[in-house]
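Here is the structure we will look at.
The values are calculated or read from the model by the stated rules, or taken from the named source; none is laboratory data. Since this is a predicted model, take the numbers as computed values, not measurements. All Cβ positions, glycine included, derive from the backbone under ideal geometry; neighbour counts span all protein chains shown. For the accessible areas, the whole protein counts, side chains as well, though only heavy atoms, and no ligand, DNA or RNA atoms are used. Shrake-Rupley method; radii C 1.70, N 1.55, O 1.52, S 1.80 Å.
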Amino acid sequence: MSALPRNDALSVFDADISIAQAQVEIVNRLRIHTEMVARLLADPSALPPDFSTFLEDIGNAYLDIADEVNRRTLGLQDAYRSSFGSN
């Protein structure tokens, strides 16, 4: 089985970066993507008919990621409360 092609846009995450640095990179990419969509919306005649579905799918993927993060961090919060008591 062959490996997936390398995506150089992800190379920034190969380094040993902090969570804060990763968040900055994600926000920077979100700003770029937001601008790209805004430019596409400037000429609605150029949009494919399923563009809104495409964006909704992307939004749902991020919501799924957020749910997973919540699931993982709630477990950590519960463990912390059990160990140190809640305030």
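Computed quantities for the displayed model
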| read-out | value |
| --- | --- |
| Cβ-Cβ FRET estimate between residue 62 and residue 39, R0 fixed at 22 Å, reported to 0.05 | 0.60 |
| Area accessible to solvent at residue 82, 1.4 Å probe radius, in Å² | 100 |
| Sites residue 32 and residue 71 - FRET efficiency at Förster radius 25 Å, r taken between beta-carbons, to 0.05 | 0.30 |
| Carbon plus sulfur fraction of accessible area for the stretch 30-81, probe 1.4 Å, in percent | 63 |
